[in-house]
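Where a number appears in this text, it was derived from the coordinates with a stated rule and is not lab data. Note that the structure is a prediction, hence the values are computed from the model and not measured. With ideal geometry, Cβ positions are generated from the backbone for all residues, glycine too; neighbour counts draw on all protein chains shown.
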Amino acid sequence: MTQSLKLAFIVDPLDALKAYKDSSIAMMRAAAARGHQVWALQREALAWRDGAVFARSVPLTLLPGDHPWHEAGEAQSLPLSAFDAVVMRQDPPFDFEYVTATWLLERAVQAGVRVFNDPRAIRDHSEKIAITEFPQFTATTLVARDPAEIHAFIDELGDVILKPLDGMGGSQIFRVTASDPNRNVIVETLTHEGARTIMAQRYLPAIVDGDKRVLIVGGEVVPYALARIPKAGETRGNLAAGGRGVAMPITAREREIAEYLAPILWARGLLIVGLDVIGGHLTEINVTSPTCMVEIATQSGFDVAALVVDRLEAACAE
């Protein structure tokens, strides 16, 4: 039997989490089901003093329902070294405060704390720009801030997707064609008139079949993806933008991409990774708080959260 672990999850405020679909809660429940202690803390509580990173943390009892989904015990100020592992699941925005949290967590790692995903790897992996390391898997892509470069890209390809580098959930993603009468104002707005770098990608018609979320856990490729299919009249498949999630076995091409990236990303300390794949093209590598675990488990029967706990147990046993 695996020794009971003391696990801390850095998450958004507990009352804001939606238990019926939240991947972090699924992981907490999977850990509690195996007898592990589950604690929660917020990123804002992280602090450093006298060589130690600590935070006000709350022990949780996981409940089976959605309202309420937990009972919170008495909060305690604890060093992160009191936990066998810390799981960073804070949602973006990836702003200066997020970067500061990775710096503090890096000091905890230096002191011997196991933190997943690794804070330096999170900081070094822009979820959009990270795909530029693997151009053999991407659609035609431009990363630039010069409006002239972006307009030339639009003219060359005729139909493109424009998006900011720090967005999530489909926020501020535009489909722009060469003849779009609004293209100038869209480029001006997204680039802040040339002051902010953005990403432009060739529009992929395969989005109608879904923006696939392919999960990698501890270097293992989950055999089911969640196809996030856009609602009528939309080009975004994100669930936050009204997309419909359909779990399905990953394709040969999706497995090829994921199997190539899996050992590389796991070697960097990225325990949970969510690849976004459209029509066999890699579009994003999500490392902050990848989701879709509940939908995949509900529809396919594959328990992704249990696989996460498997990998945490193995890491803590090393």
Dividing the alpha-carbon radius of gyration of region 6-124 by 2.2 N^0.38 Å, where N counts its residues, gives 1.02
Which cross-chain or sequence-distant (5 or more) residues have an amide H under 5 Å from the amide H of Y224, H modelled 1.01 Å from N in plane?
-> I250
On the first, second and third principal axes, largest extent first, how far apart are the outermost C-alpha atoms of region 140-203 in Å?
-> 25, 22, 21
For the chain, evaluate the Debye formula with one uniform point scatterer on each Cα (no solvent term) and list log10 I(q)/I(0) at q = 0.16 Å⁻¹, rounded to two decimals.
-> -1.35
About the Cα centre of the chain, what is the dipole size in debye to 20, counting +1 per Lys and Arg Cβ and -1 per Asp and Glu Cβ, all else neutral?
-> 340 debye
Excluding near-sequence neighbours (fewer than 8 apart on one chain), the chain holds lysine pairs with C-alpha atoms under 29 Å apart numbering 16
Highest to lowest packing among 181-193, 141-153, scored as the average C-beta count within 10 Å | 141-153, 181-193
Would you mind pulling out the separation of the Cα centroids of region 265-318 and region 57-118, in Å?
-> 18 Å
Compute the label zone of E97 within region 61-90: residues whose backbone N is under 17 Å from the point 7 Å along Cα-to-Cβ.
-> 89-90
Length gain on complete extension for the stretch Q42 to R175, per 0.36 nm per residue less the alpha carbon to alpha carbon distance?
-> 44.3 nm
Quick one, could you list the DSSP H helices from the chain stretching 18 Å or more along their long axis (Cα atoms) with average Kyte-Doolittle hydropathy of -0.5 or above?
-> 96-110, 252-267, 304-317
Near-label residues of region 56-96 by backbone N, under 16 Å of a point 7 Å along Cα→Cβ of R107 = 56, 78-82
Exactly which chymotrypsin sites (Phe, Trp or Tyr not before Pro) in region 33-136 are in a DSSP loop and have at most 12 other Cβ atoms within 10 Å?
-> none
Starting from the Cα-Cα distance between R34 and A195, subtract it from 0.36 nm times their residue separation and give me the gain in nm to one decimal.
-> 52.9 nm
